[in-house]
Amino acid sequence: MSFQSYLENIEAKTGKSPLDFQRLSQERGFTENGQIREGIKATQITNWLKEEFGLGHGHAMSIYAYLKGKRE
């Protein structure tokens, strides 16, 4: 499955776009100015995505990659 397919499936499941997750991650203090804040671990973000949005590990990692700057 392509990265874009993961993002599309996440949006279909949650109703949230990657930009929505970027905004929400900033509200939670995980990111600042579009970057993951120093000291924030991938596990903190993926656990939040799994618990709050019911994402599986692969989909949570896709959002984490998006937050780190991956776009393709």
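Any read-out appearing in this document is the output of simple, stated calculations on the displayed coordinates, not a laboratory observation. If you're wondering where the values come from, they're calculated on a predicted model, not measured in any experiment. Glycine gets a Cβ as well: all are built from the backbone with ideal geometry, and neighbour counts include every protein chain shown.
Candidates in the stretch 2-23 are the residues that are within 18 Å of Arg71 (Cβ to Cβ) and among the aliphatic types (A, V, I, L, M); of these, the one that is surrounded by the fewest Cβ atoms within 10 Å (Cβ to Cβ) is Leu19. Just checking, how many residues over the stretch 28-72 are touching a Lys or Arg at 6+ places or on another chain (Cβ under 8 Å), hydrophobic (A, V, I, L, M, F, W, C) and either closer than 16 Å to Ser17 by Cα or in a helix (DSSP H, G or I) (or both)? The number of residues fulfilling the criteria is 4.
Taking the criterion of being surrounded by 15 or more Cβ atoms within 10 Å (Cβ to Cβ) and closer than 16 Å to Lys13 by Cα, the residues of the stretch 57-72 that qualify are His59, Ala60, Met61, Ser62, Ile63.
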